[in-house]
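Below you'll find the structure, written out as structure tokens, and then a few comments.
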Amino acid sequence: MEARSSRELQARNYLEKHRIMDLLTYLTSALLFFRPERPREYLISILERLRIARLSGVALPFFMDNSNIASMFEMLDSSNKGSISFVQYKEALKTLGLCTADEVLKDDGHGVTFEKFRNEVNKRTQEIWSAF
């Protein structure tokens, strides 16, 4: 039984070290957000663009451009208040694979504006891709 738990621990450490679960979560979120006709080819293209960015030193690929971020924010801000609730903000980050369910985010008691939402999505996306 000890050998099994040792292998499980080694596997978990490997996945954490290489941030594989973060990558898979983000890829799955992008897949569900864009819903491409050919999902395998889409995932391969994402990974290929990431590889090229790494090899060439060009900017890492962003799969959520400002128009996508704006569309998501508008869906959340259905009353056009110009802000969304903290709960909506955290759920959107989780849906995009940019935050974990147990991550603690600071709620300042104010609504989240589009600018803050966009900046946080871009910052977290950059952090994720730069880790690979």
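The values are calculated or read from the model by the stated rules, or taken from the named source; none is laboratory data. The model shown is predicted, which means the values in this text are computed figures rather than measured ones. For neighbour counting, all protein chains shown are included, and Cβ atoms are generated from backbone atoms with ideal geometry for every residue, glycine included. Note: areas computed on protein heavy atoms with side chains; ligands, DNA, RNA excluded. Shrake-Rupley method; radii C 1.70, N 1.55, O 1.52, S 1.80 Å.
Is it the case that residue 92 is free of Cβ contacts under 8 Å to residues at least 40 places away in the same chain, under 12 Å from the mean Cα position of the chain (by Cα) and closer than 21 Å to residue 21 by Cβ? Judged against the criteria, residue 92 is a match.
In region 65-85, which residues are farther than 26 Å from residue 35 by Cα, in a loop (DSSP other than H, G, I, E, B) and open to solvent by less than 90 Å² (accessible area, probe 1.4 Å)? Matches in region 65-85: 79, 82, 85.
How about region 6-31: which of its residues are among the hydroxyl-bearing types (Ser, Thr, Tyr) and open to solvent by 60 Å² or more (accessible area, probe 1.4 Å)? Of everything in region 6-31, those that are among the hydroxyl-bearing types (Ser, Thr, Tyr) and open to solvent by 60 Å² or more (accessible area, probe 1.4 Å) turn out to be 14, 25, 28. Candidates are the residues of region 106-132 that are modelled with pLDDT of 85 or more and of a type in the set (A, V, I, L, M, F, W, C); the one that is farthest from residue 71 (Cα to Cα) is 112. The residues in region 100-114 that are hydroxyl-bearing (Ser, Thr, Tyr) and either in contact (Cβ under 8 Å) with a residue 40 or more places away in the chain or in contact with a Lys or Arg (Cβ under 8 Å, 6 or more places away or on another chain) (or both) can be counted, and the count is 1. Restricting region 86-112 to residues that are open to solvent by less than 50 Å² (accessible area, probe 1.4 Å) and assigned to a loop (DSSP other than H, G, I, E, B) leaves a set whose member that is nearest to residue 35 (Cα to Cα) is 96.
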